[in-house]
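Q: The structure that follows is given in the form of structure tokens.
The values are calculated or read from the model by the stated rules, or taken from the named source; none is laboratory data. Keep in mind it's a predicted model, so treat the numbers as computed, not measured. As a convention, Cβ positions derive from the backbone with ideal geometry for all residues, glycine included, and neighbour counts pool all protein chains shown.
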Amino acid sequence: MGSLIYGNPGIEISFDDRVLAHLELVINAKLRRRESFMLSWRDTPGVGDGRSALWLDTAIPLYFRYSGSRMPLIDKEWLEELAQQAGSTRGLVLGEDPATDEVVRSKDNSVKRKDHPAR
């Protein structure tokens, strides 16, 4: 399980390494072109089974941290689908991972702020 760390101080959102690798490629392509966009995903039932979203912009620091040392296999069709969504007015909405047919969720039951006193 890796993490997407966004902003300063960072908000840390944990995703499976495979999901994170696909996100990194899509986000990198969009931000290289200076295209901001919305990213949203389902939260785990432990935090109410709701949705979370964040606005991705080139002016905000972004860091990808993987738990594994090997790059996961990239599903070209899923990558193209995610890239197309990222360019839509709705933004990139994580749905099901085609490899597992499971809903993509944040894995740590919450979004953590690095400056949070309970952390």
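Q: Are any of the residues in segment 25-37 within 18 Å of P98 (Cα to Cα) and not in a strand (DSSP E or B)?
A: Going through segment 25-37, the residues within 18 Å of P98 (Cα to Cα) turn out to be 25-26.
Those left that are additionally not in a strand (DSSP E or B): 25-26.
Checked segment 25-37: at least one residue is within 18 Å of P98 (Cα to Cα) and not in a strand (DSSP E or B).
Q: Can you name the residue in segment 17-75 that is over 18 Å from G87 (Cβ atoms), of a type in the set (D, E) and in contact with a Gly (Cβ under 8 Å, 6 or more places away or on another chain) and, of all such residues, is modelled with the lowest pLDDT?
A: Filtering first and then ranking leaves D43.
Q: A further question on this structure: Restricting attention to segment 41-97, which residues are part of a loop (DSSP other than H, G, I, E, B), within 19 Å of I13 (Cβ to Cβ) and polar (S, T, N, Q)?
A: T44, T58, S67
Q: Of all residues in segment 32-71, count the ones that are more than 15 Å from the chain's Cα centre (by Cα) and closer than 16 Å to V19 by Cα. Lay out the reasoning, then the answer.
A: We begin by selecting, within segment 32-71, every residue more than 15 Å from the chain's Cα centre (by Cα); these are 32-35, 45-50, 58-59, 68-71.
Those left that are additionally closer than 16 Å to V19 by Cα: 68-71.
Count: 4.
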